[in-house]
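Working notes, beginning with the structure itself.
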Amino acid sequence: MTTSLTQQTIRPLEPQDRTQWEPMWRAYLAFYETTLPEAQYDLTWQRLLDASEPMHALGAFDANDRLAGIAHIIFHRSCWLPESTCYLQDLFVDPTSRGAGTGGALIEATADLAREKQAGRLYWLTQDHNTTARRLYDRVAAASGFVQYRKPL
């Protein structure tokens, strides 16, 4: 799957994209005031590229092949649907690339992948104070009304 938009190409991430992906994922995690152990970056990268994993990564690249945005996607089973469910776990657009339609294009490319894999649902989460992203999300999807809770393990 390769999707082109105004001087951007969206495609699955490949091994040579690691040097651009990691700083972008670190910036995404910093936005959510999160840090991870160093070993998690290697493990996540391996999982994203492993065809036997239910995980996928898409990248939006500009005309100079610079990574402008990323989407991390996980397919999983559901008790509510016979088909798999597609979870857009992480979506991040480099601040210098925002406003060019990259986020919406990554969401649509994720939806295309979900349709290709015959998923019954595509969903994602964001924090309530992420107003910039929520403006986009409100245009392209419907809020579910659910509130997420987490219990430390």
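Some values worked out for this structure:
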{"quantity": "Pairwise FRET efficiency - Tyr149 versus Asp112, Cβ, R0 = 30 Å, nearest 0.05", "calculated": "0.45"}
{"quantity": "Structure-derived Kirkwood radius over Cα pairs in Å: which label, when the choices are [x] 16.2; [y] 16.7; [z] 17.3", "calculated": "[x]"}
{"quantity": "Ascending count of other beta-carbon atoms within 10 Å, so fewest first, for Phe75, Phe146, Phe31", "calculated": "Phe146, Phe31, Phe75"}
{"quantity": "Over the chain: helical MRE at 222 nm, DSSP H runs n ≥ 4 each giving -39500 (n - 2.57), nearest 500", "calculated": "-10500 deg cm²/dmol"}
{"quantity": "At R0 = 25 Å, FRET efficiency that the Cβ-Cβ distance of Arg11 and Phe31 yields, to 0.05", "calculated": "0.60"}
{"quantity": "Where a label projected 7 Å from the Cα of His76 along Cα→Cβ would reach, residues of region 89-131 with amide N under 13 Å", "calculated": "89-90, 123-125"}
{"quantity": "Region 96-128 versus region 1-79: alpha-carbon centroid distance in Å", "calculated": "13 Å"}
{"quantity": "Theoretical gain in end-to-end length, Asp65 to Thr132 [0.36 nm per residue, Cα-Cα removed]", "calculated": "21.6 nm"}
{"quantity": "Cβ-based exposure ranking for Glu33, Glu83, in which fewest neighbours within 10 Å come first", "calculated": "Glu33, Glu83"}
{"quantity": "Residue order, fewest to most surrounding Cβ atoms within 10 angstrom, among Tyr41, Tyr149", "calculated": "Tyr149, Tyr41"}
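FYI, it's all coordinate maths here, none of it is from the lab. Not measured: the values here are computed from a predicted model. Virtual Cβ from ideal backbone geometry, glycine too; neighbours counted across all protein chains shown.
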